[in-house]
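The values are calculated or read from the model by the stated rules, or taken from the named source; none is laboratory data. It should be emphasised that the depicted structure is a prediction, and the values quoted were computed from it without experimental measurement. Cβ placement follows ideal geometry from the backbone for every residue including glycine, while neighbour counts extend to all protein chains displayed. What goes into the accessible areas is simple: the full protein's heavy atoms, side chains included, and nothing from ligands, DNA or RNA. Shrake-Rupley method; radii C 1.70, N 1.55, O 1.52, S 1.80 Å.
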Amino acid sequence: MQITLAANISGPDDVTTFFKSDAEAVGLYRTEFLFLDRTAAPTEDEQFSVYKKVFDNLNGKHILIRTLDIGGDKQASYLNMKFEENPFLGVRAIRLCFQRPDIFKTQLRALLRAGSDASWGLMFPMISQLEELQDAKTIVTQVQQELRDEGVSFSTKHQIGVMIEIPSAAWMIDVFTQHVDFVSIGTNDLLQYTCAADRLNPELKAVYNPFNVGFLRQIQHVLTTCKKQHVSAGICGSLSHHPDLLQFFIGCGVSELSMTAQHILKTRALIAGLNAAHCKQLVQKIMTCTTTAEVKKCF
Ligand code: PEP
Ligand code: MG
């Protein structure tokens, strides 16, 4: 079992915890925290120095950086976003970035400049169809051309990845894999959008249930397709350290599990006690279940 255990971070300060946690890489850098609780968007230079600090502090460890994921429960008043009845289904993440190319391009410029010598991957959140990934990649290429024209050094060797958080993208994974270097499953959102249950609503715990068969079939489809097509597929939502579902993800061939740093040592110990053949059998058994209760009994 060759599985990378990675940490999720929100900024340069988390890198100290990263080194204490025994993580091998950063599987998710939530860049939006730099944009929250302030009166104006961070400038390109401010972002550049923050991203550069993250790269420098990581000392060559690989990092996957997610572009801005604002909207949903994360709002920034200076963006003057319109009121939405259902913000989680609204102008969030990549959708906001397409509406505000000024904000998106500034972030990309800062990242590409800061990452010119780093080992990293750029990933886009809330992708629902291939066109969005293609448009995001086109904007990256445009920004690179602008930097080239200005004589500014920038990153060309980073990887490009897609977050799988929306069912319409999950079921097109065999196509997405042709266009990316890696895939990262955001289980917090994928579960919310698959079961149509608000991830923040405590009344819906029975519906927002990771043992839901339809949800697990979808994860199995994404992970096994990526494995077949030799594209690295990680999980960066909070199920990545679920003590029972770990076996399921491993049986499906997950490449990386990324979580808050404090869960890494415990997860490493749990993985050490697992048997690969048993994990595969467990997946086969779960694929025949028809109810959530039946799935639960498999563990
Ligand atoms: C996820 O949806 O699982 C994820 C990692 O993204 P976030 O929790 O930041 O929405
Ligand atoms: Mg998400």
Qualifying residue in region 82-98 (condition: polar (S, T, N, Q) and either on the phi > 0 side of the Ramachandran plot or surrounded by 14 or more Cβ atoms within 10 Å (Cβ to Cβ) (or both)): no
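For region 111-200, which helices (runs of 4 or more DSSP H) that fit wholly inside it have 3 or more residues that are hydroxyl-bearing (Ser, Thr, Tyr) and within 16 Å of ligand 1 (Cβ to nearest atom)?
Working: elements: 130-150, 167-170, 173-176, 187-195.
It comes to 187-195.
Out of Phe19, Phe33, I need the residue that is surrounded by fewer than 20 Cβ atoms within 10 Å (Cβ to Cβ), in contact with a Gly (Cβ under 7 Å, 6 or more places away or on another chain) and of a type outside the set (Lys, Arg). Which one?
Sole residue among the options that is surrounded by fewer than 20 Cβ atoms within 10 Å (Cβ to Cβ), in contact with a Gly (Cβ under 7 Å, 6 or more places away or on another chain) and of a type outside the set (Lys, Arg): Phe33.
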Looking only at region 203-213, and only at residues there that are open to solvent by 40 Å² or more (accessible area, probe 1.4 Å) and assigned to a helix (DSSP H, G or I), the one that is farthest from Ile63 (Cα to Cα): Glu203
Scope region 19-33; condition within 17 Å of the chain's Cα centre (by Cα) and either more than 21 Å from Ser77 (Cα to Cα) or not in a strand (DSSP E or B) (or both); matching residues: Ala23, Glu24, Ala25, Val26, Gly27, Leu28, Tyr29, Thr31, Glu32, Phe33
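Check Ser168, Ser238 and return the single one that is surrounded by fewer than 20 Cβ atoms within 10 Å (Cβ to Cβ) and under 21 Å from Met259 (Cα atoms).
Of the residues listed, the single one that is surrounded by fewer than 20 Cβ atoms within 10 Å (Cβ to Cβ) and under 21 Å from Met259 (Cα atoms) is Ser238.
If you go through region 69-82 one residue at a time, do you hit one that is in a helix (DSSP H, G or I), farther than 24 Å from Thr260 by Cβ and out of contact with any helix residue (DSSP H, G or I) (no Cβ under 8 Å at 6 or more places or on another chain)? Please lay out each step first, then the result.
To start, the set of residues in region 69-82 that are in a helix (DSSP H, G or I) comprises 77-79.
Subset that is farther than 24 Å from Thr260 by Cβ: 77-79.
So of that shortlist, the ones also out of contact with any helix residue (DSSP H, G or I) (no Cβ under 8 Å at 6 or more places or on another chain) come out as 77-78.
Within region 69-82 (the criterion being in a helix (DSSP H, G or I), farther than 24 Å from Thr260 by Cβ and out of contact with any helix residue (DSSP H, G or I) (no Cβ under 8 Å at 6 or more places or on another chain)), the answer is yes, since at least one residue qualifies.
This table checks each residue for (1) assigned to a loop (DSSP other than H, G, I, E, B); (2) more than 16 Å from ligand 1 (Cβ to nearest atom).
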| site | (1), (2) |
| --- | --- |
| Ile219 | no, no |
| Thr225 | no, yes |
| Leu239 | no, no |
| Leu282 | no, yes |
| Ile286 | no, yes |
| Cys289 | yes, yes |
| Val295 | no, yes |
| Phe299 | yes, yes |
